[in-house]
Amino acid sequence: MSEKLLILHCSPTLAGMKAGSMFSCAYRSAEELKDDIRHANHILVPKGLRVLPLCRKKDRALIYVFRPKAIEKVLEDERAVSVLEGQGYQDIRVSSCIARLMGRLKEEGEFPHEIGLFLGYPPEDVWGFIENKACGHKCVGCWKVYGDEAEAKKTFARYRKCTAVYCSLWEQGKSIERLTVAG
C-alpha cells in the first residue's frame, strides 16, 4: 500500500473534510499488508485517523482510512442509525459497527450499501440508494445523490480540489504526516 494510493483516494479524509475513505490495493503477502497498515497507523493515529483492512480477497485488500470521532458524529444522526438498524446493526458504537461492516463484506451476495455512512455520505443519500436500488438519483459524483443535489455538487468539487492540491503537494515532497490535519 503506497503513500500515493493514500493521497489519491484519501485526501479529503486526511484533510479532515470527510469521515472516511476506502480503496482497493494489491498486496504480495499478508505480512507485507500488515506491515504497511502498521506503518500507516504509526503516522496517522497520532493525527486522529485509523487504517484498517476491511476485507481481503486473493491478492487484494479493501483499505478503510477513517476518523473515529467523525464516525461517532455520523452515528449520532438518527437517520444513519435507522439505516444501520435496517441492515441488522444492533450495537451502534464505532468499533461494533465497523466489525459488523467487516462481517457483511465477508458475506457472499450483495455489497453492503450502508458502507456510504462509513464514508461520511449523507444518510438520506445512503437510504435513497438502498431504497431505490441505485435508480432514480438526482446526480452522481462521489456517490449517488437522492437528497440535496446543490450541496452534494459543492462537496464533490471541494473533494476534487482537495485531492488535486494534496497530489501536487505530495509530488513536491510534502509527507503524508505533514499533509494530514490533526483532529
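Taking the condition more than 21 Å from F23 (Cβ to Cβ) and in contact (Cβ under 8 Å) with a residue 24 or more places away in the chain, does E124 pass?
Numbers: more than 21 Å from F23 (Cβ to Cβ): yes; in contact (Cβ under 8 Å) with a residue 24 or more places away in the chain: yes.
Against the criterion (more than 21 Å from F23 (Cβ to Cβ) and in contact (Cβ under 8 Å) with a residue 24 or more places away in the chain), E124 qualifies.
Looking at A134, A152, A164, A157, can you tell me which residue is at pLDDT below 95 and not polar (S, T, N, Q)? Don't jump to the end; show me each part of the working.
Numbers: A152 fails: at pLDDT below 95; A164 fails: at pLDDT below 95; A157 fails: at pLDDT below 95.
Within the list A134, A152, A164, A157, the selection yields A134.
Is there a residue in the stretch 79-95 that is in contact with a strand residue (DSSP E or B) (Cβ under 8 Å, 6 or more places away or on another chain) and either closer than 17 Å to F129 by Cα or not basic (K, R) (or both)? No, the conditions are met nowhere in the stretch 79-95.
Candidates are the residues of the stretch 10-39 that are assigned to a helix (DSSP H, G or I) and touching a residue at least 40 places away in the same chain (Cβ under 8 Å); the one that is surrounded by the fewest Cβ atoms within 10 Å (Cβ to Cβ) is P12. The criterion of at least 2 residues that are open to solvent by 30 Å² or more (accessible area, probe 1.4 Å) and under 30 Å from L33 (Cα atoms) is met by the following helices (runs of 4 or more DSSP H) wholly inside the stretch 43-148: 68-74, 94-106.
The values are calculated or read from the model by the stated rules, or taken from the named source; none is laboratory data. The shown structure was predicted, so the numbers you read here are calculated from the model rather than taken from an experiment. Neighbour counts are summed over all protein chains in view; Cβ atoms, including those assigned to glycine, are modelled from backbone coordinates with ideal geometry. We work out accessible area using only protein heavy atoms, side chains counted, and drop any ligands, DNA or RNA first. Shrake-Rupley method; radii C 1.70, N 1.55, O 1.52, S 1.80 Å.
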